[in-house]
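Have a look at the structure below before the remarks.
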Amino acid sequence: MKNFRKELWFHAKSRRSLINITPQVTEALRESGIKEGILLCNAMHITASVFINDDESGLHHDFEVWLEGLAPEKPYSRYRHNGYEDNADAHLKRSIMGREVVVAVTEGKLDFGPWERIFYGEFDGKRRKRVLVKIIGE
Ligand code: ZN
């Protein structure tokens, strides 16, 4: 059995953004040479998510509105976590959007449903942050 590990770096220019990272994950799978197995992709930060959904701008707007309704960024004073930090909302958003995805690898490809794409969800951006890709198989 082979194993492969790669870190992907992202730098969102705004506090929140959703980035389709499917091309970078697909490239990591190609580099691994693994044809059959399992791919794990996770955010390495507790204020960012990796999740699978549709690459459709209306839906991305809906996610923003929904998450702001659940855990509004402001006022910062509404959260006990905010003292030296102002990112309590980002921790909460990350929790509901999830830490990682697992995708089957079949015949050297990500074995997706028709509209599935992998996203990096940034909730406390304006700095470089990492995503881990780990692939095992043969
Ligand atoms: Zn924090």
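Assorted remarks:
- The listed residues are 68, 85, and the only one of them that is more than 16 Å from the ligand (Cβ to nearest atom) and either closer than 20 Å to residue 118 by Cβ or open to solvent by 40 Å² or more (accessible area, probe 1.4 Å) (or both) turns out to be 68.
- Pairs where the first residue, in the range 34-56, is more than 21 Å from residue 106 (Cβ to Cβ) and within 16 Å of the ligand (Cβ to nearest atom) and the second is among the polar types (S, T, N, Q) and open to solvent by 20 Å² or more (accessible area, probe 1.4 Å), C-beta under 9 Å, 6+ apart: 46/95; 49/95
- None of 127, 80, 99 is over 24 Å from residue 11 (Cβ atoms), among the basic types (Lys, Arg), within 16 Å of the ligand (Cβ to nearest atom) and open to solvent by 40 Å² or more (accessible area, probe 1.4 Å) except 80.
- A Cβ distance below 7 Å, combined with a sequence gap of six or more or placement on separate chains, defines the contacts here; from the range 80-97, residues that are assigned to a loop (DSSP other than H, G, I, E, B) reach residues that are modelled with pLDDT of 95 or more and more than 8 Å from the ligand (Cβ to nearest atom) in the pairs 82/76; 86/76.
- The lone criterion from (1) closer than 16 Å to residue 117 by Cα; (2) crowded, with 16+ Cβ neighbours inside 10 Å left unmet by residue 23 is number (2).
- Options 77, 17; residue that is polar (S, T, N, Q) and out of contact with any Asp or Glu (no Cβ under 7 Å at 6 or more places or on another chain): 77
The values are calculated or read from the model by the stated rules, or taken from the named source; none is laboratory data. These numbers were taken from a predicted model, which means no experiment stands behind them. Note that we place each Cβ from the backbone using ideal geometry, even for glycine, and neighbour counts take in every protein chain shown. To get the accessible areas, we keep the full protein, side chains included, count just its heavy atoms, and leave off ligands, DNA and RNA. Shrake-Rupley method; radii C 1.70, N 1.55, O 1.52, S 1.80 Å.
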